[in-house]
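One structure below.
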Amino acid sequence: MTAPLLTFELTKEHDQIEIHANSEVLAALMRILERVLKTGQHAHLLTPQWGGSELSEDRQGHDNSLVQHVKVVLW
C-alpha cells in the first residue's frame, strides 16, 4: 500500500494552487467535501506539523510552497 498523499501547494509565482493526491486520499477528500455540503459546517485540513493528519508534509513540486492549513467553507 502506498503512503497517503494530499498536498496543497502554492506555485513559485504565487498565482496557482496545485493539489497533489493519490486515489485513496482523493476519495477521502471527496467525503470531506460531501460532509461540508451536507452539514453546512466547515472543515480544516492540516499537516502533522500543524497538529493534523489530513495533509501530507512532503512537497511534490520542486519550487512550490507547502500549504499547512486548508479551510473548506460552504457559503
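Bear in mind these aren't lab numbers, they're just calculated from the coordinates by the rules spelled out. Keep in mind the model is a prediction, meaning the values are calculated, not measured. Don't worry about glycine lacking a Cβ; one is built from the backbone with ideal geometry, like all the others, and counts go over all protein chains shown.
For the reader, a short list of remarks on this structure follows.
- Sub-6 Å Cβ pairs linking a first residue in the stretch 16-30 that is surrounded by fewer than 17 Cβ atoms within 10 Å (Cβ to Cβ) to a second residue that is of a type in the set (Asp, Glu) and assigned to a strand (DSSP E or B), at least 6 apart or interchain, are Glu18/Glu9, ordered by first then second residue.
- Among residues of the stretch 44-57 that are farther than 16 Å from Val25 by Cβ, those with a Cβ under 6 angstrom from a residue that is surrounded by fewer than 19 Cβ atoms within 10 Å (Cβ to Cβ) and polar (S, T, N, Q), sequence gap 6+ or separate chain, pair up as Trp50/Gln68.
- The number of residues in the stretch 21-54 that are of a type outside the set (Gly, Ala, Ser), touching a helix residue (DSSP H, G or I) at 6+ places or on another chain (Cβ under 8 Å) and under 17 Å from Leu66 (Cα atoms) comes to 2.
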